[in-house]
Amino acid sequence: MKKIFLITTLIWIHSFSLSQNAKVNWYSFNAGFGNTTNQNTKVVSVVDQSLIGSSQTANVKIESGFLSPFSTTIVSVNEPKDVPKSFSLLQNFPNPFNPITTIKFSLAKSTFVSLKVYNIVGEEIARLVSEELQAGNHQVIWNADGFASGVYFYRLQTEEGKFTQVKKLILLK
């Protein structure tokens, strides 16, 4: 899985001057540039959807807002270190098991994956995975508590059947 780290830079403007203690109520700015719910408050500048606004009374002037909405810089990309070179399905462990086992598999690239369990006559009895997965090593824990002792098969299949592999597992109660 690739991870991209972004550094976001916000330039925040905030200046004020007071000649005496005062409280200024802030009101939300309307979308119609310059019009606000307070006649002493006005929109000075809008960059993208961020804004710079000011509020002024006889004794107080406050200017506040974003000068620039975002400046993003990619500083690092993490590449997965252990991406397998090929697709594989490993033998479950423990095997035989009662009632919990772990099934591991490896994907050489990101793809849609189906991992299903079948009984001895080929009927699907459990669907463990049915989704898009990233390249790498994966594991699934199967709890077969509600199933009878016996021989079962599990099959890993990738998108469009490009990779299919089947293994046998034994449930002993």
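Derivation of every value follows stated rules applied to the coordinates shown; laboratory data play no part. Being a predicted model, the structure only gives us computed values, none of them experimental. Every residue, glycine as well, gets a Cβ built from its backbone with ideal geometry; the counts of neighbours run over all protein chains shown.
If you scan segment 86-96, which residues turn out to be part of a strand (DSSP E or B) and loosely packed, with under 13 Cβ neighbours inside 10 Å? Steps first, please.
Within segment 86-96, the first condition is being part of a strand (DSSP E or B), and the residues that meet it are 88-89, 93.
If the condition is that a residue be part of a strand (DSSP E or B) and loosely packed, with under 13 Cβ neighbours inside 10 Å, then F93 is the only one that fits.
Taken as a whole, the condition of being closer than 15 Å to A135 by Cα, charged (D, E, K, R) and touching a residue at least 12 places away in the same chain (Cβ under 8 Å) applies to K109. Filtering segment 97-139 to residues that are among the aliphatic types (A, V, I, L, M), outside any loop (DSSP other than H, G, I, E, B) and closer than 16 Å to L171 by Cα leaves I100, I103, V117, I125, A126.
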